[in-house]
Every structure is written in C-alpha cells, then in structure tokens.
Amino acid sequence: MWRITRQLCIFFSILISSLAVASDIATTVTGGVDNRLANGGYFELGASVYGINKVDIRQRDHQTIQPSLLISGVYQYKGLFVEMIHQSQDGINLGFNIWNSDHWSLDILAANLKSTWSRVDDVDPSTLTEAGRNAYLMSEESIYVGAGFRATRYWDDHYVFQYRIVSDYFDGQGIQSSARLGKSWQVRNWNFHALGSIEYSSSTLNRYLFGIDSDEATELLPEYRPDSSFSYGLELGVAYPLSESFVFRAMYRINVLSDEITDSPFNQADHLSFFNASISYVF
C-alpha cells in the first residue's frame with residue numbers, strides 16, 4: 001500500500017510541476033521546480049471551504065466560513081503563460097518568459113488581475129448629503145489590472161524566491177510589489193510548504209483603496225491620506241494525493257497589516273487571517 005501511495009505522490013509532483021517557466025510562487029513551492037521549462041500545464045476543478053476574518057467595513061456580505069468552487073490551472077507554450085491559481089495572493093497572470101537559466105527565470109507580466117475597490121463613477125461627492133457620502137464611500141468591487149515583471153530564483157528543487165512588481169494601467173491605481181521565499185518538503189505521502197512574504201503598496205494605491213478626500217469625508221468616515229506601506233505574511237500548507245486524480249489541500253495564511261492600512265476608517269482589524277481546505281480533480 002505504501003509503494004502505491006508513494007507512486008501516486010510522485011505522479012502528482014510530476015504533474016503539477018509541468019507549469020509555466022517561472023510560475024506563481026504558490027504553485028512552484030507546492031509542486032516543485034522540476035520540468036519548469038516544459039510546455040504544458042494542468043487544470044483542477046473541485047470544491048473548497050475557507051474561513052477569513054473581516055478586515056474592511058465594505059465587506060458587507062462577509063461570512064466567517066464560506067464554500068467556494070475551485071477552478072485552478074497553469075499553462076504555458078513556448079514562454080507564453082497563463083496562471084489562475086486558486087486562492088493565490090497574486091491573482092491571475094498572463095505573460096511571457098524572456099530569460100531563464102538553471103536557477104533563474106525572468107518574466108514579463110502583461111496582465112496581472114486582482115480584485116479591488118472602486119467608487120461610483122460620475123458622482124460629485126460634494127453635492128451629496130452626509131448619508132449620501134457614506135453610501136458613496138462604501139464603494140463597489142472592481143479590478144486591478146497591472147503590468148510589470150517577475151524574477152524567480154530556485155535552489156535544490158525545494159527553495160524558491162520570487163520578486164514581482166506591477167503597476168496598474170486600467171485605472172491608475174498605483175504600484176504593488178512583493179518578495180516571497182518558499183520551501184517545500186515531503187513526509188511520507190504528505191507534501192508540506194511554507195511561504196514568507198513582504199508586500200509593498202505605493203501611496204497612490206493606498207489612497208485609492210483606503211484613503212478619503214476632504215470632499216468625501218463624513219463624521220463616520222473622516223478624511224484620511226495614507227502613505228506607502230509594507231505588510232508581512234506567512235503561509236503554511238499541505239497537500240495529499242487521495243487517488244490518481246484527486247488531491248486534498250489545506251492552507252493557513254496570516255498577513256500583518258501596516259499602520260497605513262489599519263489607521264484607515266475603513267479598516268477594523270490589524271491582520272488578515274485566512275484558512276482554506278479543498279478537494280480537487282486534476283486533469
């Protein structure tokens with residue numbers, strides 16, 4: 001039985017590591033770095049449940065525990081790649097690998113898509129009542145579309161470092177950057193990983209997401225102009241092959257937020273705590 005299960009674990013490691021030249025670090029650190037230059041990829045479909053604390057008062061539909069459909073995949077062809085990793089910190093990526101060696105890869109990110117907040121267009125807040133400005137400031141969900149580059153360093157098939165920087169060209173929301181270091185290791189049939197991160201947000205981005213201008217301010221939501229910031233995170237996770245096609249994963253992540261974010265009138269927590277467990281079918 002051990003020999004069969006071990007073969008299944010090797011099968012999953014090979015399958016998941018057939019990904020983009022320098023993929024989203026969440027996939028690389030959980031799947032290994034063998035065959036990272038190969039064309040191809042993988043696709044997963046499944047179900048997950050996640051738990052998250054409420055950080056922002058604009059999360060009006062927040063529930064502590066929520067079910068979620070899992071759709072995840074990575075594919076590359078001759079350097080072109082697309083990545084859509086379930087519950088990744090880096091969103092959806094489309095790009096092109098421009099250089100690689102035995103230990104390094106450099107990618108151009110043509111489109112990095114993440115969810116964000118956006119105020120209602122074509123509204124002058126100075127013409128609104130106090131109640132109207134409060135409703136206006138609650139915003140709507142929108143999208144961040146950035147472009148930039150990503151550099152990845154590999155060691156011994158178990159360690160991965162990745163630096164990425166993108167700037168929004170969809171709505172001028174500013175710059176996001178991150179530096180992450182990950183490690184994976186296997187204990188019998190279980191594949192564990194740890195991922196530490198430092199994230200930078202420009203003052204333009206923080207003011208777009210968490211700031212309040214003087215003509216928007218109310219007694220409930222006063223004027224606020226944050227500067228740039230750094231946040232810090234740690235992620236721990238595990239994967240286990242249930243069969244040739246099904247895999248179980250669990251992950252816990254905590255991000256300690258900067259004062260520039262926690263001091264915002266929109267904020268109500270000093271950290272983001274996230275847990276996810278899933279079962280998926282791997283094609």
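Out of (1) buried (at least 19 other Cβ atoms within 10 Å of the Cβ); (2) under 25 Å from M251 (Cβ atoms), the odd one out for G174 is which?
(2)
For region 207-218, enumerate the residues that are surrounded by fewer than 19 Cβ atoms within 10 Å (Cβ to Cβ) and out of contact with any helix residue (DSSP H, G or I) (no Cβ under 7 Å at 6 or more places or on another chain).
D213, S214, A217
Take region 124-136 and flag every residue that is under 11 Å from D215 (Cβ atoms) and of a type outside the set (S, T, Y).
D124, P125, L128, R133
If you go through region 247-264 one residue at a time, do you hit one that is charged (D, E, K, R), touching a strand residue (DSSP E or B) at 6+ places or on another chain (Cβ under 7 Å), farther than 30 Å from S184 by Cβ and crowded, with 19+ Cβ neighbours inside 10 Å?
Yes, region 247-264 has at least one match.
Quick check on region 102-111. Is at least one of its residues surrounded by 13 or more Cβ atoms within 10 Å (Cβ to Cβ) and over 16 Å from T152 (Cα atoms)?
The answer is yes, given that some residue of region 102-111 is surrounded by 13 or more Cβ atoms within 10 Å (Cβ to Cβ) and over 16 Å from T152 (Cα atoms).
If you scan region 268-283, which residues turn out to be within 20 Å of the chain's Cα centre (by Cα) and crowded, with 17+ Cβ neighbours inside 10 Å? Working first, answer last.
Quick first cut of region 268-283, residues within 20 Å of the chain's Cα centre (by Cα) only: 269-280.
Scanning region 268-283 gives L272, F274, N276, S278, S280.
Residue-by-condition table, conditions (1) of a type in the set (A, V, I, L, M); (2) outside any strand (DSSP E or B):
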{"position": "Q186", "(1), (2)": "no, no"}
{"position": "S197", "(1), (2)": "no, no"}
{"position": "L221", "(1), (2)": "yes, yes"}
{"position": "S231", "(1), (2)": "no, no"}
{"position": "S243", "(1), (2)": "no, yes"}
{"position": "M251", "(1), (2)": "yes, no"}
{"position": "Y281", "(1), (2)": "no, no"}
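Out of all the residues in region 162-170, is one or more under 15 Å from the mean Cα position of the chain (by Cα), closer than 30 Å to Y136 by Cβ and touching a residue at least 12 places away in the same chain (Cβ under 8 Å)?
Within region 162-170, one or more residues are under 15 Å from the mean Cα position of the chain (by Cα), closer than 30 Å to Y136 by Cβ and touching a residue at least 12 places away in the same chain (Cβ under 8 Å).
When you scan region 128-144, how many residues do you find that are under 28 Å from N93 (Cα atoms) and surrounded by 19 or more Cβ atoms within 10 Å (Cβ to Cβ)?
Matching residues across region 128-144 total 1.
Considering only region 224-239, state which residues are aromatic (F, W, Y) and surrounded by 19 or more Cβ atoms within 10 Å (Cβ to Cβ).
So the first thing to find is which residues in region 224-239 are aromatic (F, W, Y), and the list is 224, 230, 232.
Once the filter is applied, which keeps residues that are aromatic (F, W, Y) and surrounded by 19 or more Cβ atoms within 10 Å (Cβ to Cβ), region 224-239 yields only Y224.
Among the residues of region 137-157, write down those that are touching a residue at least 40 places away in the same chain (Cβ under 8 Å) and aliphatic (A, V, I, L, M).
L137, M138, A151
Count, please, the residues in region 185-198 that happen to be under 17 Å from G233 (Cα atoms) and surrounded by 19 or more Cβ atoms within 10 Å (Cβ to Cβ).
The qualifying residues number 3.
Does region 188-206 hold any residues that are out of contact with any helix residue (DSSP H, G or I) (no Cβ under 8 Å at 6 or more places or on another chain), closer than 16 Å to S177 by Cα and of a type outside the set (S, T, Y), and which are they?
G196, I198, E199, L205 - these are the residues of region 188-206 that are out of contact with any helix residue (DSSP H, G or I) (no Cβ under 8 Å at 6 or more places or on another chain), closer than 16 Å to S177 by Cα and of a type outside the set (S, T, Y).
Read the figures in this text as sums done on the coordinates, not as results from a lab. Computed from a predicted structure; not experimentally measured. Ideal geometry is used to build each Cβ from the backbone, glycine not excepted, and the neighbour counts take in all protein chains shown.
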